[in-house]
Structures are given as structure tokens and as C-alpha cells.
Amino acid sequence: MFNNKKQIILLFLSLITTVMLFSQERDQDTINTDVIDVIKPYTPTVSDAFKVKEIPTLDDAETGTKKEVKYNIFSFPVASTFTPAKGKAAVVDKAKKVKLYDNYASLGVGTYTTIVGEVFLNHTIGRDQSVSAHVAHQSSQVDIDGVLTDNGYSDSKLNLSYTNRNRDFTWTALGGFQYQTYNWYGLQQPLFDQTTADGLDVGHSFYTAHVGGDIKFEDAIINDASVLFRRFGDDYSSGENRFKADVNGTITIQDLDINTGVFVDYLSGSFDRDYYSPTELNYGNFQVGINPKLQLKQDDLTVDLGLKAVYFNNTEASDSKFFIYPDIAASYKLVDEILIVFGGVKGGLIQNNYHDFAQENPFVSPNLYIVPTDQQYNAFGGLRGKLSSNTSYSVSGRYQAERSKALYINNDVLETEQPYTYGNSFGVVYDNVNTFSVAGEVNVDVNRNFTLGLKAEYFTYDVNNEEEAWNLPDIEASLFLDYQINEHWFAGANLFYVGERKDLLFVPSLLAPPTNQVVTLDSYFDANAHVGYHITDRWSAFVKANNIASQNYNKWQNTPVQGIQFLAGATYKFDFN
């Protein structure tokens, strides 16, 4: 054992000696004072530098022995009266928790004998079921300057729903009824006077009843489904039935998820007579289609590839057609959420119907021709994103081609026993229309208490057969804001601007047959505002002002609206338990 240790020590010493000798030779070579002829450019390397090594000499006799250090503590007992206090958590100011209620009732009254009422009721049955009811009414006994007939309106509706939630699916059953009354008060003046108006009953009404339901599944091939049946009619013996059903699901093919929708849309209806003759008008069609769509994602690019195939059957004319439309959309994040490019092209067969026409324009006559609109394509593209954490924007443009697009137009003056033949009602004509538009939108959420939104869109139209794109505006713009001033006060406003529209005006002549003349409806601006006060967590009071600029503009020809209107009311929130 001793010999082995000796051998190891000798080997270690030999290695040290060799290294030192080698180092000395390198040192001598490095500091040689001979003349050196450089035959190539000098490129220094790390090995050309050397470090002077100095090992300090230590006197082991002086440093090897540690000196003993002695510490003396001069301590003596002290009587202490200090008693530490118990720790106490700091008080944190908490915001008062807002109480949320399931139900509310609101009532307001205003100028022009305006009454607005609304009640919403919601009740939970156990953990998985709930029922709700919504009742609303709005009416006004309008007295518009220069109008020769009654011009009031009313709108009352009731909606009921029942929801059942299970672990694997949730379903809802719903139903409702709506009753509306209006007046064809837009008699063409000065063609007709008060004497003519006194002999007309221009009042008419609409009614709507519907039942339906929807269901949503969790982790199933079918994602959701819905069904709706609606009956719509008026007090002129017009009636319309519509049935819609939609099913959406996901089909997996070779690890690709294809979202597929299947839909059925049936429409049938009749009018008691034609506008020009007592001939009954009947219409009806049936649509069934499928809409598969595949979504592809890669990094910041998202692409939806799909199409829509529709089989159409005109039940009255026994005519069938088959349509295929594109359903493509894509978006790419150029700069995260700041700048996103999007675009696509879509299309579809739009189911025009009496109900939708009457809701958009309540002055239509009860004798319309109903056919669907073939939207061949709607190509769109633009930019959207965020200017800051609380400001979003969107700039876009679109070009769409539509065949048989529905256009409202003022009806001819016939002076018959029908109260809607005095230039005071509207019909529908169809034409092939190409529309180009540019739109911009900005939304600002300054904080939780203040939001602001601005949107504007400019339109140009190209029609095929008609002289103009009747009653379609060249500009539409809107602004809205909501402001929760403090715990009690709140306010809001919305402004609308609609540009010029074109329509036809009946022009009688004693020397020649009467003609129709193209007229331009002036653009209009409508400003509305409201302010309210939360008296308690249950009671609130509010005041509203509509048409603040007091413009008696014509949204439709010969139908001026009310001037400035004021409304005041209160809202009460409550729970049943």
C-alpha cells in the first residue's frame, strides 16, 4: 500500500516538473529579442498572450496559527412591561356588491300620448329548469302636422319560453304572439284634401303567432338544431305560413372536422286581391339545402372553405331549380390583434316574405308579389384590429350581385274603394342589382362605465331594369354611447343619419295620361338621448328625448314622422323569492 502511494506521488511530481519546464521554454521563446522577419500578415491568437504568474510567499509561522478571540457580554436583568399586541389584518375597502334581479317591470308615458311598457319574468324550477315571459307594449296617438288622417300606431307582444338543462344537452321550447296597428296616412298632397281623407278608413293591423324550439348537445355529432313555425296575417284576409328547421353537426373524415349544416325552409301565403284587380294572389316555395364547411388553421392564418347547395321548388308554378353558392372566408393576423386582414365570398337564396316586408315598412299594401332573392355572391374584404387595449376598428368593402332583389316603391294612385290606393302605400318590385359599399367602424370602451361606437357606410347601386334602386340610401351612419356617470346616474345617446333615396311620384295630367316622376327623398338626421337615476337597487327613473333635432323627415315618401318627443318613466327590479 505504501509503495503504491509513493508511486502516485512521484508520478504527480514528475507531471508538475514537466509542465513547469515546458512553460519556461514557452516563456523564453516569447520574449526572445532576435529580429523576426514577418512573411505574412500578423494575426494574433489567444496563445500569443501570456500571464505573469506570481505566488506570494507566506510565513507559515505567522499565519498558520489563529489567534483566540474572547467576547465579553455585560448583561444584567431588566424588568420589562412591554406586552406585544396581537396581529390584526388591514382593512380593505370593498366595492358594494351589485344585486342582480331576475325580473323587471318598466313603464313610461310621453308626448303624443305615448305609452311604453315592458315586463320580463324569469323563474327557476329546481336546478335544471326555468321559465320566462316577456310582455311589451308601445303605442302613440300621433298628431303630426300636415297629415290629413289618423296616424297613430301600437305594437304589443308576448313571448314565452321553457328551458331544460341536462348533462348532455339543453333544450328550449318557445312561443309568442304579436299584434300591431298602423295607418296608411301618407295621402299624396296636394292631390287629395281633407274631404277625401275624411271618407277613408286608413287603419290596418298585423298579427303574428309562432311556436318553436332549439336543442344543443355536448360532445355529440349533432351540435345544435332548431325549428320554428310562424303564422302571419292582416285584417285584409292575407295570411302566410312559414316553417324553418336547421341542424348543425360535425363530421370527421381522415382527421378533418367538417362542420355541416342542413336546413329546410317552407313558405306559403295568399292575398285576397291584386292591387289592380280582385284576382287572388297565391305564392309558395320550398327550399332544402346543405352547407358543409372546413376550417383550416396554421399559425396566424385561418381559412373557412365551404359551399352552400340549395334545391328550390316553386309550389305554385311547379318549377324547380338548383343553386350552388360559395361560402369562403379567411383572416390573417399581420400584427397580433392590432392588424388583421380578412376577406371572403359568400352567397345564398334569401327567402323574402310578407312578415319581413311589413316589419321593415309597415305601409306596404296587402297585395305583394313574393319571390326569393338569388344573392349570387357577396365578396368582401378589409382590415380590423385594435388601436389600443380599449379601442377596436374595422375598415371594409364589399361587392354583391343579387338577382330579383326586392325594392319598395310608392304604389300608383287609383282612387278606388280601397283605402291604400291614394299614394299612401308601397308595393315591391324586383330587379337585378349590383351593390358596392365601403364601411368603417370604431368602438371605444373607455372604461367599464363608458362605451362609444361609430359606424358609417357608403353605397352605390347598378340596376338592370328599373330607373333607380328605389328607396335604398347612398349613406348610412350611426353613433351610440352609454355612460354610467356614478353609482346613481346614467346616460346614453344614439344618432342616425340616412342619406338620400329615390322613389316615384304620381303626376296627374288633364291633357295626357298620368305619369310617374322620379323624386329624391331628403337625407335625415335623428338624434335620441336618455338620462336616468338609480333611486335604490330596485327602483330607477328615466327621461328620454327622441328626434331632438325635431325634423319631420320622411323615412318613406309622404309619411312624415313625429317631431321632438319626450318620455318619462320608471323601472322596478325584483325577485319572486
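The values are calculated or read from the model by the stated rules, or taken from the named source; none is laboratory data. Worth saying up front: this structure is predicted, and the values here are computed from it rather than measured. Methodologically, a virtual Cβ is constructed for each residue, glycine included, from the backbone with ideal geometry; neighbour enumeration extends over all protein chains shown. Remember, those area values only see protein heavy atoms, side chains included, never the ligands or the DNA or RNA. Shrake-Rupley method; radii C 1.70, N 1.55, O 1.52, S 1.80 Å.
Worth pointing out:
- Residue in the range 183-192 that is in contact with a strand residue (DSSP E or B) (Cβ under 9 Å, 6 or more places away or on another chain) and either free of Cβ contacts under 8 Å to residues at least 12 places away in the same chain or assigned to a strand (DSSP E or B) (or both) present: yes
- For the range 529-541, the criterion of being surrounded by 12 or more Cβ atoms within 10 Å (Cβ to Cβ), touching a Gly at 6+ places or on another chain (Cβ under 9 Å) and of a type outside the set (Gly, Ala, Ser) is met by at least one residue.
- Checking each residue in the range 540-573 for being under 11 Å from ALA529 (Cα atoms), polar (S, T, N, Q) and in a loop (DSSP other than H, G, I, E, B) picks out only ASN547.
- Conditions (1) within 17 Å of ALA358 (Cα to Cα); (2) in contact with a Gly (Cβ under 8 Å, 6 or more places away or on another chain); (3) free of Cβ contacts under 8 Å to residues at least 60 places away in the same chain; number of the one not met by THR172: (1)
- Every listed requirement among (1) of a type outside the set (Asp, Glu); (2) farther than 30 Å from PRO326 by Cα; (3) open to solvent by 60 Å² or more (accessible area, probe 1.4 Å) is met by VAL395 save one, (2).
- Any hit, the range 155-170, residues being among the aromatic types (Phe, Trp, Tyr), assigned to a strand (DSSP E or B) and more than 30 Å from TYR422 (Cα to Cα): yes
- Of all the criteria given as (1) open to solvent by less than 30 Å² (accessible area, probe 1.4 Å); (2) modelled with pLDDT under 95, the one not satisfied by ASN552 is (1).
- The single condition among (1) in contact (Cβ under 8 Å) with a residue 60 or more places away in the chain; (2) open to solvent by 20 Å² or more (accessible area, probe 1.4 Å); (3) more than 29 Å from the chain's Cα centre (by Cα) that GLY427 does not meet is (2).
- Residue in the range 477-486 that is farther than 20 Å from ALA529 by Cα, open to solvent by 70 Å² or more (accessible area, probe 1.4 Å) and in a loop (DSSP other than H, G, I, E, B) present: no
- Residue match in the range 236-244 (condition: more than 30 Å from GLN418 (Cβ to Cβ), assigned to a strand (DSSP E or B) and open to solvent by 50 Å² or more (accessible area, probe 1.4 Å)): yes
- Scanning the range 334-360 for residues that are crowded, with 16+ Cβ neighbours inside 10 Å and of a type in the set (D, E, K, R) yields a single hit, LYS346.
- Residues in the range 430-454 that are among the aliphatic types (A, V, I, L, M) and open to solvent by less than 40 Å² (accessible area, probe 1.4 Å): VAL433, ALA439, VAL444.
- Failed criterion for PHE263 (all others in (1) hydrophobic (A, V, I, L, M, F, W, C); (2) closer than 26 Å to ASN353 by Cβ; (3) free of Cβ contacts under 8 Å to residues at least 24 places away in the same chain hold): (3)
- When GLN287, GLN295 are checked against the criterion of being in contact (Cβ under 8 Å) with a residue 24 or more places away in the chain, open to solvent by 70 Å² or more (accessible area, probe 1.4 Å), polar (S, T, N, Q) and assigned to a strand (DSSP E or B), GLN295 stands alone in meeting it.
- Filter result for ILE215 (aliphatic (A, V, I, L, M) and surrounded by fewer than 14 Cβ atoms within 10 Å (Cβ to Cβ)): no
- Members of the range 105-114 found to be in a strand (DSSP E or B) and open to solvent by less than 70 Å² (accessible area, probe 1.4 Å), listed by number: ALA105, SER106, GLY108, GLY110, THR114
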